Amino acid sequence: MKNNLKYLLAGLFFGFVLVKSEVVSWFRIQEMFRFDSFHMYGIIGMAILTAMISIQLIKKFSVKDLEGAPITIPPKDSRQVTRYLAGGILFGLGWALTGACPGPLFTLAGAGYGIMLVPIASAILGTWVYGALRPKLPH
Amino acid sequence: MTEFIQQPWPWYIAGPLLGLIVPMLLLMGGKLFGVSSNFRHACAACMPGNIKFFQYDWKTSGLWNMVFLAGAIGGGFLGGWIWGNPEPIALSQQTVTDLQALGISDFTGMMPADLFSWENLASLQGVVVMIVGGFLVGFGARYAGGCTSGHAISGLANLQLASLLAVIGFFIGGLIITHVMYPLLF
């Protein structure tokens, strides 16, 4: 547990940034899907760029983590086109309905929107149903 | 001081800070940033049943992520409850006009009170937005192997074609709801 304390701090930072950037807002997600503002695109774009430069630096200098282990990022299997497109579309439908992706669902609950416990419970159920149907779904 | 900390952040400050989570977790313990895996860990911990997908040691692979998520709830409490922005979000006028036409009247806070309330769970609209929406977030994220954090940020930053496909899917789904479903649902 002591080892995991640092992740609690990272999570605190994550949640704080999510609220202050207004990424958690259903209104901001609507604005994004209506192409009415640059706000969300700027945030996602800058986040990708910052993460990309960081990953390149970590790879270039073979940086090790705090526990001394080499950092490796396993590649995703790009041959499974069906799962990424079909799963992606289903996720996108849910994202625009709730106005929140998984991180924001929890951050909103913390910010006092107790009603978000309903989509959270529903998302766990959705994950469970996926697990049950997984052998029958095309991937 | 309080007034300063209550302010929302512009995209050029918030974006890079959000992106820094990726190297932060890699450096802390070689962990990949991805929030939706926690739904799977919750299933594995509480109701694995006979389902193979949930038969794994969630404490070894996922406890760190659940602790991270607990932190994100705390971050929401600090940033949204203790030091929340008292002003309505500075939305584009076009969005406000379009949402008003759909029947949204309350633009205070981060979520529209017209939609997200316990009372609205008694209506078809509330069931679709909160229950069906949540279900699709959980089902879709696992089917696609990740959500906005795992694919749109971690995956695209690592130049994964799979993540690009998933993000294209996210937008197709989001545009269908916004431009086709919402006008029917209100």
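Derivation of every value follows stated rules applied to the coordinates shown; laboratory data play no part. Every value quoted in this text rests on a predicted model; they were computed, and no experiment measured them. Cβ: placed from backbone, ideal geometry, glycine included. Neighbour counts: every protein chain shown.
Taking region B:41-92, which chymotrypsin sites (Phe, Trp or Tyr not before Pro) meet the DSSP loop condition and have no more than 14 other C-beta atoms within 10 Å? Walk me through the intermediate numbers first.
On the way: sites: B:Phe53, B:Phe54, B:Tyr56, B:Trp58, B:Trp64, B:Phe68, B:Phe77, B:Trp81, B:Trp83; in loops: B:Tyr56, B:Trp83.
Hits after loop and neighbour filter: B:Tyr56.
Rg and Dmax of the protein assembly as shown over Cα atoms: what are they, in angstrom?
18.6, 57
Using a 10 Å cut-off on Cβ atoms, rank the peptides B:169-175, A:102-108, A:21-27, B:3-9 from the highest mean neighbour count down. Please report the intermediate quantities before stating the final value.
Numbers: B:169-175: 20.7, A:102-108: 30.9, A:21-27: 25.1, B:3-9: 12.7.
Listed from highest to lowest mean packing, they are A:102-108, A:21-27, B:169-175, B:3-9.
Between A:Leu5 and A:Phe38, with labels modelled 7 Å along Cα→Cβ, what's the label distance in nm to one decimal, could you check?
Placing both labels 7 Å beyond Cα along the Cβ direction yields 4.3 nm.
How big is the Kirkwood radius of region B:1-156, worked out from every pair of different alpha carbons and given in Å to one decimal? Don't jump to the answer; show the numbers that get you there.
On the way: mean 1/r = 0.0539 Å⁻¹.
This gives a value of 18.5 Å.
Just from the alpha-carbon atoms, what are the Rg and Dmax of region A:67-139 in angstroms?
15.8, 43
Hey, got a sec? Which chymotrypsin sites (Phe, Trp or Tyr not before Pro) in region A:39-100 land in a DSSP loop and have at most 10 other Cβ atoms within 10 Å? Walk me through the numbers on the way to the answer.
Working: sites: A:Tyr41, A:Phe61, A:Tyr84, A:Phe91, A:Trp95; in loops: A:Phe61.
Those satisfying the criteria are A:Phe61.
Please determine, in degrees from 0 to 90 and to the nearest 10, the orientation of helix B:161-176 with respect to the longest principal axis defined by the Cα atoms of chain B, where the helix direction is its Cα long axis.
The helix B:161-176 is inclined about 30 degrees to chain B.
Taking the simple approach of a point 7 Å from Cα along Cα-to-Cβ for both A:Leu49 and B:Cys46, what is their distance in nm?
With each label point 7 Å from Cα toward Cβ, the separation is 4.0 nm.
With a ≥ b ≥ c taken as the square roots of the eigenvalues of the C-alpha gyration tensor of chain A, please select rounded if a/c is under 1.5 and otherwise prolate if a/b is larger than b/c or oblate if it is not?
Values: a/c = 1.39, a/b = 1.17, b/c = 1.18.
It comes out rounded by the Cα gyration axes.
Lysine pairs in chain A with Cα distance under 23 Å, only those 8 or more apart or on different chains: how many are there?
Values: A:Lys2/A:Lys64; A:Lys6/A:Lys20; A:Lys6/A:Lys59; A:Lys6/A:Lys64; A:Lys59/A:Lys76; A:Lys60/A:Lys76; A:Lys64/A:Lys76; A:Lys76/A:Lys136.
Pairs that pass both the separation and distance tests number 8.
Excluding same-chain residues fewer than 8 positions from B:Lys59, which aspartates and glutamates have a Cα within less than 19 Å of its Cα?
Within the straight-line limit of under 19 Å, B:Lys59 reaches these aspartates and glutamates: A:Glu67.
On average, how much area does the Cα convex hull of region B:49-111 cover when viewed from any direction, in nm²? Before the final figure, lay out the partial values.
Working: hull surface 31.4 nm².
Averaging across all directions leaves 7.8 nm² for the Cα convex hull.
As I understand it, the dipole of region B:28-186 uses +1 on the Cβ of Lys and Arg and -1 on the Cβ of Asp and Glu, about the Cα centre. Which of B:Met181, B:Val137, B:Trp83 lies farthest toward its positive end?
Of the options given, the answer is B:Val137.
With all distinct Cα pairs included, what does the Kirkwood hydrodynamic radius of region B:3-50 come out to in Å, to one decimal, could you say? Working shown, then result.
Numbers: mean 1/r = 0.0733 Å⁻¹.
So the Kirkwood estimate lands at 13.6 Å.
Could you tell me whether region B:75-186 comes out rounded, prolate or oblate from its Cα gyration tensor? Rule is a ≥ b ≥ c as square roots of the eigenvalues, rounded for a/c under 1.5, then prolate if a/b exceeds b/c, otherwise oblate. Spell out each step's value before the answer.
Details: a/c = 1.72, a/b = 1.37, b/c = 1.26.
Note, shape of region B:75-186 comes out prolate.
Tell me, what is the FRET efficiency for B:Ala122 and B:Lys59 to the nearest 0.05, using R0 = 45 angstrom and their Cβ-Cβ distance as r?
On the way: r = 39 Å, r/R0 = 0.87.
With a Förster radius of 45 Å, E is 0.70.
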